[in-house]
Amino acid sequence: MKALVKTAAGMGNLEVMDLPEPGPDPDQLKVEVKVGAICGTDLHIHDDEYVNCPPMVLGHEMSGVVVEVGDEVTRFKIGDRVTSESFKYTCGRCRFCQDGLIGLCSDRRSMGVHVDGAFAKYVCQREESLHRLPDNVDFEAGSMCEPTAVAVRAVYERATISSGDVVLVSGPGPVGLLCLQAAKSREATVVLVGTRGDEHRLALGKDLGADVVINTQTDSLDSILDMTDRMGADVAIECGGSRASLEQCITFTRKAAQLVTVGLPGREIAVDLDQAITKELTILPSFTYRHGTWKRALKLLEEGTIRTAPLVSRRFPLTQWKAAFDAVRSRQGIKCLLLPVD
Ligand SMILES: [Zn+2]
Ligand SMILES: [Zn+2]
């Protein structure tokens, strides 16, 4: 089968290769991939700015159809439409696994990061990491369940948002646009903030329910103060992963606000921690999800409360991965999808 492989450590080293089809272990299912979605993490792995264990197939956002079922599998059958968590292995025994915090398991191995991922015709995945797609959630939306679960973790499980809260979402990339929709479903007033080059993402944010959008290149963030009796937002969700984005989240939240950090900078960045301390901000880093996060994410997709179709900019056959990565990098598109090839 054709697969997009990180062949060696270092910058680049991505190649479409012919690999033997994988066969499922007894606790696994073999899934024919229908759609893979490119994530910022994939670009970081291309650039060697995020953990990776080559040689391995890249890709951790996907949907597909079950084509083979391991002997120990009980909940799925051939033909089921599925999406997958990125975790291919967690130990199940450490204190974090026992608490359901599978993303914090030290032995965690993720698709397309530590072990073979989904940018291929087939992928094998353990039963506990797979979720059945609701009938009205198509394969494209299914491929975006993973970032949706990331947003749901940040907005529903890390932040505590009350109806009427002003929520600042900084960074209108895919996860930011998903966090915006999740925050709207909590009846918050949402301010979406972007910068130069984000014009069409901010316009889309407006369509997806943002109450106010701010482009820091042309507009002042002071309107956040105007909306909040000069105090600042109740909650900030940082999705940009940049120093400027984090800094504006610290500055434009009120005292005793919550700051949820989702964006990974991929390098060390300096921030004004004094301001965060003297405001007694509650800083809540948010990383991946629990199994249960997916139930809520799938429900929000099924209800249409979170919409992913408007985020899809372009579709590419797997062989054109380079053009797809370039499109994501240049921020021409929002979400680019990779379709497996024979
Ligand atoms: Zn991702
Ligand atoms: Zn563990």
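The values are calculated or read from the model by the stated rules, or taken from the named source; none is laboratory data. Model, not experiment: these values are computed from the prediction. Ideal geometry is used to build each Cβ from the backbone, glycine not excepted, and the neighbour counts take in all protein chains shown. With ligands, DNA and RNA removed, areas are computed over all heavy atoms of the protein, side chains included. Shrake-Rupley method; radii C 1.70, N 1.55, O 1.52, S 1.80 Å.
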Just the residues that are without any contact (Cβ under 8 Å) to a residue 60 or more places away in the chain, open to solvent by less than 20 Å² (accessible area, probe 1.4 Å) and either among the polar types (S, T, N, Q) or within 16 Å of ligand 1 (Cβ to nearest atom) (or both), please, taken from the range 97-128. 110, 111
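Could you say whether any residue in the range 146-155 is basic (Lys, Arg) and in contact with a strand residue (DSSP E or B) (Cβ under 6 Å, 6 or more places away or on another chain)? Give the derivation first.
Of the range 146-155, the ones basic (Lys, Arg) are 153.
With in contact with a strand residue (DSSP E or B) (Cβ under 6 Å, 6 or more places away or on another chain) added as a condition, the list becomes none.
No, there is no match, as no residue in the range 146-155 is basic (Lys, Arg) and in contact with a strand residue (DSSP E or B) (Cβ under 6 Å, 6 or more places away or on another chain).
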The range 41-63 residues that are at positive phi, paired with ones that are small (Gly, Ala, Ser) (beta carbon under 8 Å, 6 or more apart): 48/9; 48/10; 59/36; 59/112; 59/117; 59/118; 59/120
Could you list, in sequence order, the residues of the range 248-278 that are in a strand (DSSP E or B) and under 24 Å from residue 152 (Cβ atoms)? 253, 257, 258, 259, 260, 261
Over the range 240-254, the set of residues surrounded by fewer than 22 Cβ atoms within 10 Å (Cβ to Cβ) and out of contact with any Leu (no Cβ under 8 Å at 6 or more places or on another chain) is 242, 243, 244, 247, 254
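Condition check: among the basic types (Lys, Arg), more than 16 Å from ligand 1 (Cβ to nearest atom) and modelled with pLDDT of 95 or more. Does residue 77 satisfy that? Walk me through it before giving the result.
Details: among the basic types (Lys, Arg): yes; more than 16 Å from ligand 1 (Cβ to nearest atom): yes; modelled with pLDDT of 95 or more: yes.
Yes; evaluated as a whole, the condition is true for this residue.
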Being among the acidic types (Asp, Glu) and either closer than 23 Å to residue 308 by Cα or buried (at least 16 other Cβ atoms within 10 Å of the Cβ) (or both) is the filter here, so list the residues in the range 6-47 that pass it. 32, 42
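Identify all residues within the range 134-161 that are open to solvent by 10 Å² or more (accessible area, probe 1.4 Å) and either at pLDDT below 95 or farther than 20 Å from residue 239 by Cα (or both); write none if there are none. Don't jump to the end; show me each part of the working.
Of the range 134-161, the ones open to solvent by 10 Å² or more (accessible area, probe 1.4 Å) are 134-136, 138-141, 146, 150, 153, 156-158, 160-161.
The answer is 134, 135, 136, 138, 139, 140, 141.
Identify, from the list 294, 321, the residue that is more than 18 Å from the chain's Cα centre (by Cα), assigned to a helix (DSSP H, G or I) and modelled with pLDDT of 95 or more.
Values: 294 fails: more than 18 Å from the chain's Cα centre (by Cα).
When all the criteria are applied, what remains is 321.
Does residue 236 satisfy being open to solvent by less than 10 Å² (accessible area, probe 1.4 Å) and either modelled with pLDDT under 95 or out of contact with any helix residue (DSSP H, G or I) (no Cβ under 6 Å at 6 or more places or on another chain) (or both)? Give the derivation first.
On the way: open to solvent by less than 10 Å² (accessible area, probe 1.4 Å): yes; either modelled with pLDDT under 95 or out of contact with any helix residue (DSSP H, G or I) (no Cβ under 6 Å at 6 or more places or on another chain) (or both): no.
Considered against the rule, which asks whether it is open to solvent by less than 10 Å² (accessible area, probe 1.4 Å) and either modelled with pLDDT under 95 or out of contact with any helix residue (DSSP H, G or I) (no Cβ under 6 Å at 6 or more places or on another chain) (or both), residue 236 comes out as no.
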Test residue 87 against the stated conditions and say whether it is away from ligand 2 (no atom under 16 Å from the Cβ), modelled with pLDDT of 95 or more and among the aromatic types (Phe, Trp, Tyr). no
Under 6 Å by Cβ, and 6 or more places apart or on different chains, what pairs join a residue from the range 186-203 that is under 18 Å from residue 153 (Cα atoms) with one that is among the charged types (D, E, K, R) and open to solvent by 50 Å² or more (accessible area, probe 1.4 Å)? 190/184; 190/211
